[in-house]
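The next block holds one structure in the form of structure tokens; read it before the comments.
Each value in this text was obtained by applying a stated rule to the coordinates, not by laboratory testing. This is a predicted model, so every value here is computed, not measured. Quick reminder, even Gly has a Cβ in these numbers, built from the backbone with ideal geometry, and neighbours come from all protein chains shown.
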Amino acid sequence: MSNFVIKPAVRTEKITYAVRDIVVLANEVAKTGKEMLYLNIGDPNVFDFEPPKHLIEATYDAMKKNYNGYSPSSGIKQATDAIAKEAERKGIKNIQDVFVTTGASEAIDICLTALVNEGENVLTPTPGYPLYTAIQSKLQTMENPYYLDENNNWQPNIEDIKSKINGKTRAIILINPNNPTGSICSTEILKQIIEIALEHNLVIFADEIYDKLLMDGKKHTSIAALNSEVPMITFGGLSKNYMVPGFRIGWGIVSGNRSVLTDYIEAINKILRARLCANHPAQYGIAPSLLGDQSHLEVAMKKLTSRRNLTVEMMNSIPGITCVAPEGAFYAFPRLNNVSNDSHFVSELLKETGVVVVPGSGFGQLPGTNHFRIVFLPPENILEKAYKALGDFHQKYIEKFEKVGVK
């Protein structure tokens, strides 16, 4: 056979996913026998969080009843009805379509694919979840990041958004609560984003997968509840709020002016039909989850608030590191004020201490700044151990690398 090499598609060249990419190095370090402290992936089930029993029972019962074949492409009726009812409870009106997907990730992928052509762009929050940039790389769209303001509790920078819009901008993405910063958008900021969308005929993608994981008595406002005419898609799912990320159950809620949305909704449904359906038996857990007992959230948020407090206190006690307190989800995004390469810092931290975090560059950040993301799901004894190791390492790192330059 000749020296033939199969070349991958060009569209894959820029696809990265920092949350999982760091695991490659972590696996190599783990093979050496070093104790590993994983603060990198937002999977509550790895730690002391469990889904509501009625969610599990409903799914198991569906499997026993042999609801194990295909479902309708948009999802079973009791699920889409429950999602619509929950959306209405949040104040979302003028709902035009509801569909169930393989995690919110598939909903996001489908909706971007159905909207954006090669060479066009979507305003994407930075820092933000790397799935969005991965999908846009696959679609060969142009990067168009807008920055969150660290000095304003990580709120979207409205002036920066306005400056980034051009003739090929199709949509604006909002992650609220935000991953990786844990920030929650203020109602005033949401209203300003709506005005921008109206002025420039943009679709708003509202990723609200963490909308029930709120701390300090904060209230979540769904942007679609503030305007019933702007075309919006609100993404949600069971993964985070109901502690079943492995079920891969998410959804999209299309709202806004029907006459503007008709063709786009049909394009979304073409893709939904082509990929058949989401996990059928797991869809029977949607209605019991959304409409049933929510007491698991109180238990979860008590733990998360305590772990958030520990995280912010210990990070801010390390000279050279500052951390804005997150208000939702289970992530913090500390800033490395005296480190010039966060990817190098994170790699060296992992190799030296076994502490696994994700570099801020994997989520995007304001040029000239360096960060890392912490998942504070683990119990406090694990977090304390990891943060102590991180603090001790940070000082050594500054002495070893920053004073002579990162090699």
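Some notes on this structure:
- Along region 366-372 the Karplus relation, 6.51 cos²θ - 1.76 cosθ + 1.60 evaluated at θ = phi - 60°, assigns HN-Hα couplings of 4, x, x, 10, 9, 9, 8 Hz to successive residues, with x for each Gly and Pro.
- Summing +1 for each Lys or Arg and -1 for each Asp or Glu among the other residues whose beta-carbon sits under 15 angstrom from that of K164 gives -3.
- Longest to shortest principal axis, alpha-carbon extents of region 53-291, angstrom: 55, 41, 30
- Residues C323, C185, sorted so that the one with the fewest Cβ neighbours within 10 Å comes first: C323, C185
- Other residues lying with their Cβ under 13 Å from the Cβ of T32 contribute a combined charge of 0, Lys and Arg counting +1, Asp and Glu -1.
- Label separation (I15 vs K385): 3.6 nm, computed from points 7 Å beyond Cα along the C-beta direction.
- Taking amide hydrogens as placed 1.01 Å from N in the peptide plane, the amide H of D97 sits under 5 Å from those of V254, each at least 5 positions away in sequence or on another chain.
- The chain, relative contact order in percent, only Cα pairs under 8 angstrom and at least six apart counted: 24 percent
- Entry note, the chain: the mean residue ellipticity at 222 nm calculated from DSSP H runs of n ≥ 4, each adding -39500 (n - 2.57), is -12000 deg cm²/dmol after division by the residues and rounding to the nearest 500.
- A simple packing score, the average count of other Cβ atoms within 10 Å per residue, orders the peptides 105-116, 252-263 as 105-116, 252-263, with the highest score first.
- Other residues lying with their Cβ under 15 Å from the Cβ of K270 contribute a combined charge of -3, Lys and Arg counting +1, Asp and Glu -1.
- Cut-off under 5 Å, modelled amide H: who pairs with Q155 long-range: D149
- In order through region 140-156: 3J(HN,Hα) via Karplus (6.51 cos²θ - 1.76 cosθ + 1.60), integer Hz, x for Gly, Pro: 6, 8, 8, 5, 8, x, 10, 9, 8, 9, 4, 7, 10, 6, 6, 6, x
- N152-S340 FRET efficiency (beta carbon distance; Förster radius 35 Å; 0.05 resolution): 0.90
- Alpha-carbon radius of gyration plus Dmax, which is the widest Cα pair, for the chain in Å: 21.5, 66
- Peptides 293-303, 336-346 ranked from most to least packed, by the mean per-residue count of other Cβ atoms within 10 Å: 336-346, 293-303.
- Fewest-first ranking of F401, F330, F363, using other Cβ atoms within 10 Å as the exposure measure: F401, F363, F330
- Which of T12, T169 has the fewest Cβ neighbours within 10 Å, and the rest in rising order: T12, T169
- Distance between modelled label sites at K31 and A267, nm, 7 Å Cα→Cβ extension: 4.5 nm
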